[in-house]
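Reviewing the structure listed below.
The values are calculated or read from the model by the stated rules, or taken from the named source; none is laboratory data. What you see is a predicted model; the values in this text were computed from it and never measured. Note that we place each Cβ from the backbone using ideal geometry, even for glycine, and neighbour counts take in every protein chain shown. Just the protein is used for accessible areas: all its heavy atoms, side chains included, with ligands, DNA and RNA removed. Shrake-Rupley method; radii C 1.70, N 1.55, O 1.52, S 1.80 Å.
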Amino acid sequence: MITLDLRGNLPSEGLRKVSATVSSPFQSVFNSIYRPISTFTGDIFSLGRTRNKISNLQKDNAALKEELSRKNAITNEVKDLKSVLDLAGAGRYKIVPARIIAVGSAASFSRTIQLDVGSADGIKKDMSIIAGGGLVARILSVAQSTSIALLMDDETFKVGVRLESSGTSGVVSGTGGSDLELILLDSTSDLRVGQRVVARGSVNSQPFLPGVPVGVITQVNQIAGALTKSAVVKPFVDLNRISVVAVIVSKGKTDPRDALLPAPPKPIPTPTVTVFVTPTPAPTPSSSDATQ
Amino acid sequence: MTKSLFFVISASVILTFQEVVISRIAFPFANPSIFLIFVISWAFLEDQWLAALQGFLAGFILDISPLSVGVIGHWAFVLAAVSYGVSELGVQLRGSRRSPLTLTVVVTAGIFFTLVFFVISGALISLNQGYGFTQTVPGVVFWSLVFTPLISPLIIKLKRVADGVGTSVE
């Protein structure tokens, strides 16, 4: 057969085709039986390897999640820092950026924060602290590498302010809550919701510099016969969510007036619908008679 | 002495945790005071005079904390008095002292009285503190109701460790 096949006298290809045709159904039956067994035995042998792989993947996943969360935190800090730098740049203030490292307990009825900058960084008592939106706090006490500041919403915090453009003076004080209280010294002056408030500035610009944005009026309290006018002011900065701030160590040469205020919100255009009505000719009595 | 030292170290660690972590989270109403929960719970589990001493020490730690703005000694006075009172109650309820429900109710009430006493005594010594009373007190009391059952097992364990330390040395 070897000789015949070598000589090419044996139809080997045809025989193999026939054999393949006959055996293939049996092969597929056996294959379908063996496949689960093969998978099972394979799983048993590679169980340790798979477990290791899953464990490694879980570790990688946790590491990636941690890195992503760290990156998000860094992105937020960069965003906060950029807005602080923008505000300081616009006001030509010299600032020292700082991180909040601790916050006083609410149970002590005071709103204090601890910053990671101190006298070694040029910080002194009664300097103003700003965040991206505007005024945040003032320095209460300074240590070598840390300082303590009183937040704007503390009940003992008071800042002299003026209303945007009109120049009417008043005093904004903390309430212990998220809103501030504005008391206008002149009860005859105009007070409207939406008016914005900036710091008037203290003597020698300490603790407050003129022109630093404070907040916007959200409610006007109408008390008949009162000698002063009062309103509720929402600060530009959410004092519960700040992490990066800046201490103003020296002011610019000029008063920025209202230049540091954020752009006023654009009024949302009200969509108007124009309906074109083409009057149909009123039926004349003669034509209606004709149809009837 | 050793027990009080253990208490002071624990209280300092908890106050640091409070100021660095808990107070930075924007909780609704007001932030919980883990420090007050710890001090009042400890006082409830302690004997009267030792509780008064430890309350005084805890208050002093709070007074000298850089983030405190009031007069030094105010918290020490308030916490010494409240700790003595709470401990007296604990001695009366000796049987159910370590029950989580009793501890939660007593600690929450204790925190409420501490804050009220702090504001009243502050007003008597002309301090400008406590105007936000109506916002702060309900928030702190609410969160103490939530947090006390969660952290009381840890405080009880710490107290047992401290008692062990105290007896083995003394």
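The table that follows gives values for the structure above.
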{"quantity": "Residue match in the range A:113-125 (condition: touching a Gly at 6+ places or on another chain (Cβ under 9 Å), open to solvent by less than 80 Å² (accessible area, probe 1.4 Å) and not basic (Lys, Arg))", "calculated": "yes"}
{"quantity": "Selected residue (criterion: farthest from A:Thr146 (Cα to Cα)) from residues of the range A:84-95 that are crowded, with 18+ Cβ neighbours inside 10 Å and not aromatic (Phe, Trp, Tyr)", "calculated": "A:Gly91"}
{"quantity": "Check on A:Arg99, assigned to a strand (DSSP E or B), under 17 Å from A:Val172 (Cα atoms), more than 7 Å from chain B (Cβ to nearest Cβ) and open to solvent by 10 Å² or more (accessible area, probe 1.4 Å)", "calculated": "no"}
{"quantity": "Filter result for A:Leu81 (surrounded by 10 or more Cβ atoms within 10 Å (Cβ to Cβ), touching a residue at least 40 places away in the same chain (Cβ under 8 Å), more than 14 Å from chain B (Cβ to nearest Cβ) and part of a helix (DSSP H, G or I))", "calculated": "yes"}
{"quantity": "Residues within the range A:192-232 that are part of a loop (DSSP other than H, G, I, E, B), without any contact (Cβ under 8 Å) to a residue 24 or more places away in the chain and among the β-branched types (Val, Ile, Thr), tallied", "calculated": "1"}
{"quantity": "Answer from A:Gly170, A:Gly176 - the residue that is part of a loop (DSSP other than H, G, I, E, B) and open to solvent by less than 40 Å² (accessible area, probe 1.4 Å)", "calculated": "A:Gly176"}
{"quantity": "Test for B:Leu158: is it closer than 22 Å to B:Val21 by Cα and touching a residue at least 24 places away in the same chain (Cβ under 8 Å)", "calculated": "yes"}
{"quantity": "Positions within the range B:90-101 being among the basic types (Lys, Arg) and either within 14 Å of another protein chain (Cβ to nearest Cβ) or open to solvent by less than 40 Å² (accessible area, probe 1.4 Å) (or both), in sequence order", "calculated": "B:Arg97"}
{"quantity": "Count of the range B:9-27 residues which are surrounded by 15 or more Cβ atoms within 10 Å (Cβ to Cβ) and part of a helix (DSSP H, G or I)", "calculated": "10"}
{"quantity": "Output for the range B:102-124, where each listed residue is more than 14 Å from chain A (Cβ to nearest Cβ) and in contact (Cβ under 8 Å) with a residue 24 or more places away in the chain", "calculated": "B:Leu103, B:Thr104, B:Val106"}
{"quantity": "Criterion: in contact (Cβ under 8 Å) with a residue 60 or more places away in the chain and more than 14 Å from B:Ser33 (Cβ to Cβ) - qualifying residue of B:Val69, B:Val91", "calculated": "B:Val69"}
{"quantity": "Strands (runs of 3 or more DSSP E) contained in the range A:108-152 and holding at least 2 residues more than 12 Å from chain B (Cβ to nearest Cβ) and touching a residue at least 40 places away in the same chain (Cβ under 8 Å)", "calculated": "A:128-130, A:135-142"}
{"quantity": "Residue within the range A:219-235 that is among the charged types (D, E, K, R) and surrounded by fewer than 20 Cβ atoms within 10 Å (Cβ to Cβ) present", "calculated": "yes"}
{"quantity": "The one condition in (1) over 26 Å from B:Ala26 (Cβ atoms); (2) modelled with pLDDT of 85 or more that B:Ser144 fails to fulfil", "calculated": "(1)"}
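Yes or no, residue by residue, for (1) within 14 Å of another protein chain (Cβ to nearest Cβ); (2) open to solvent by less than 30 Å² (accessible area, probe 1.4 Å); (3) part of a helix (DSSP H, G or I):
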| site | (1), (2), (3) |
| --- | --- |
| B:Ser4 | no, yes, yes |
| B:Phe29 | yes, no, no |
| B:Phe44 | no, yes, yes |
| B:Ala52 | no, yes, yes |
| B:Leu62 | yes, yes, yes |
| B:Val69 | yes, no, no |
| B:Leu79 | yes, yes, yes |
| B:Ser83 | no, yes, yes |
| B:Glu88 | no, no, yes |
